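One structure is given below, encoded as structure tokens.
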Amino acid sequence: MTEDTWEERDTTPDAIEAALRGMLRERHAANETLAPARVLNLIVIVDREWKGEVANRLERVGRYHASRTVICAVEPGRTSLDARATISHEDPENGLSVMRETVELDIGPDQLLALTTIVDPVLVSEIPTVCWSPHGHAEVVRALLPVIDVIMLDSDEEGDPGVAFDRAERVREEAYVVDLAWLRTTPWRERLAASFHLGSRRGQLERMLSVEIRHRDGSTASALLLAGWLASRLGWERAPLTIGRSEIDMEGAQRRPGGQVAVTLRRSAQEAPGLAGVTVSCEHGTALSLQRSLGGLDATEDLVGGHHKEWKILGASRGEAGILGEGIRQALLREPAYGPSLHAAREMCPR
């Protein structure tokens, strides 16, 4: 990986944009096989003390780096604008190699109110722009709405999932939302859907008796979104869950055609955020259980007649770096299932 760097203290947005343009021109003149990536802008708003941690998370997103990333680090007491711009690329062996740009801005709290005028000249025009603010600053995100297309958030970071879902619903009225808590449910939704895809098994979904969703403490939003996905897809009549005790986070019954489904959210000890396991039980003693394990998911299934199966699903977990990378990729897509699942999860939140 080759990097070109420019930095300046007490600078201006126009000076940053000119420096980027100059570096790109010089690098392309020196090697015509290099071309700037032009797919996506990413604005990241962070507290200065967490700038390094967030930058490291962005480094680990794999091939889903934004074309131009603008990190705005807010430092109490600062009044000047300091900037560092980096252009990086892999040395091309055959064909073209793309250049990606990262701009780090050190700003003060008073400059947040004028952040739109600061970042607008630095963004690549005519491509989608994503905003991610992992440390709050909701008022700043709202102020940026004229220049952004997508807001990336994480409903698991809010202590109260009901508050998180209300915020997500409000934001969806103004921009497209990518929710990292929702993306943590992706492997589980994919495996559950695949398990009941065959026509001979689809009828079991209509006779579901219970679902237990196990999750890390602090990932209740992810668990509720998975329950909301099941409820919205299977046409359940939603009712608020109740707060449980001990390891039971929430529990309650949801009405389905012809009966009820007992829904249980259970806390489970694990290091990574998100879900630890899911068990779906249906009539006639059939059940499917998925459990997070080293290298993937452990799956067990009980079938009619007492038959029991066990197998391993390899590579099911993306990890937090993979979740963030998928969030950046999802900014270019449109997920039709998130809205109905979010709505159902809100209705299932305790009142």
- Note on the structure: Longest principal axis of the chain (C-alpha) makes with the long axis of helix 161-172 (C-alpha) an angle, in degrees to the nearest 10, of 50
- Task: Count charges around Ala55 for me, please; just the other residues with Cβ under 12 Å from its Cβ, Lys/Arg as +1, Asp/Glu as -1.
- Result: +2
- Label points 7 Å out from Cα along the Cβ direction at Ser246 and Glu126: separation in nm? 6.4
- Kindly rank 220-232, 257-269, 145-157 from highest to lowest mean number of other beta carbons found within 10 Å of each residue. 220-232, 145-157, 257-269
- Taking a spot 7 Å from the Cα of Ala30 along the direction of its beta carbon, which residues of the range 119-152 have an amide N less than 20 Å from it? none
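So for the range 96-252: antiparallel DSSP bridges make up what percent, rounded to the nearest 5?
Taking every DSSP beta bridge within the range 96-252, about 20 percent pair in antiparallel fashion.
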- Per residue, how much accessible area does the chain show when a 1.4 Å probe rolls over the protein heavy atoms, in square angstrom? 48
- Taking 0.36 nm per residue of separation and subtracting the Cα-Cα distance, what length does fully extending Thr116 through Glu90 add? 6.2 nm
- Item | Computed over the chain: relative contact order in percent, which uses C-alpha pairs under 8 Å that are six or more apart | 16
- Query: Tell me, what % of the accessible area of the range 177-322 is carbon and sulfur with a 1.4 angstrom probe?
  - Reply: 51
- Summing +1 for each Lys or Arg and -1 for each Asp or Glu, what net charge is found among the other residues whose Cβ lies under 13 Å from the Cβ of Ala30? -2
- With unit charges on the beta carbon (Lys/Arg positive, Asp/Glu negative), name the residue among Gly327, Ser195, Cys349 whose Cα is farthest towards the positive pole of the charge dipole of the chain. Ser195
- Item | the chain: angle of helix 220-234 to the longest principal axis, Cα-based, in degrees nearest 10 | 60
- Message: Defining a contact as two alpha carbons under 8 Å apart and six or more residues distant in sequence, what relative contact order in percent does the range 142-242 show?
- Response: 30
- If we count every other residue with Cβ under 10 angstrom of His308's Cβ, Lys/Arg +1 and Asp/Glu -1, where does the sum land? -2
- Query: So, in nm, how far is label His135 from label Asp166 when the simple model puts each one 7 Å beyond its Cα toward the Cβ?
  - Reply: 2.6
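Which value, in debye to the nearest 20, gives the size of the charge dipole of the range 67-159 about its Cα centre, when Lys and Arg are +1 and Asp and Glu are -1 at the Cβ?
Numbers: 5 positive and 17 negative charges, 58 e Å.
Approximately 280 debye in magnitude.
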- Mind checking the dipole of the range 142-197: about its Cα centre, +1 per Lys or Arg Cβ, -1 per Asp or Glu Cβ, Debye to the nearest 20? 220
- Quickly work out the Ser97-to-Glu173 label distance, labels modelled 7 Å from Cα along the C-beta direction, and quote it in nm with one decimal. 4.9
- Task: Give the distance, in whole Å, between the Cα centre of the range 94-160 and the Cα centre of the range 269-284.
- Result: 34
- Per DSSP H run of n ≥ 4, the term is -39500 (n - 2.57); total these for the chain, divide by its residue number, and report the mean residue ellipticity at 222 nm rounded to 500 deg cm²/dmol. -9500 deg cm²/dmol
- Message: Tell me the angle of helix 319-330 to the major Cα principal axis of the chain, expressed in degrees between 0 and 90 and rounded to the nearest ten.
- Response: 70
- Contact order normalised by residue count of the range 154-304, Cα under 8 Å, 6+ apart, percent: 23
- What percent antiparallel are the DSSP beta bridges of the chain, to the nearest 5? 60
- How much of the DSSP beta bridge set in the range 55-152 is antiparallel, as a percent to the nearest 5? 40
- Message: Output needed for the chain: three equivalent-ellipsoid semi-axes, defined as square roots of 5 times the C-alpha gyration tensor eigenvalues, in descending order, whole Å.
- Response: 44, 23, 16
- Item | Residues Arg48 and Ala262, FRET efficiency given R0 of 56 Å [Cβ-Cβ distance, rounded to 0.05] | 0.75
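The values are calculated or read from the model by the stated rules, or taken from the named source; none is laboratory data. None of the values given here were measured: they were computed from a predicted structure. With ideal geometry, Cβ positions are generated from the backbone for all residues, glycine too; neighbour counts draw on all protein chains shown. All accessible areas refer to the heavy atoms of the entire protein, side chains included, with ligands and DNA or RNA removed. Shrake-Rupley method; radii C 1.70, N 1.55, O 1.52, S 1.80 Å.
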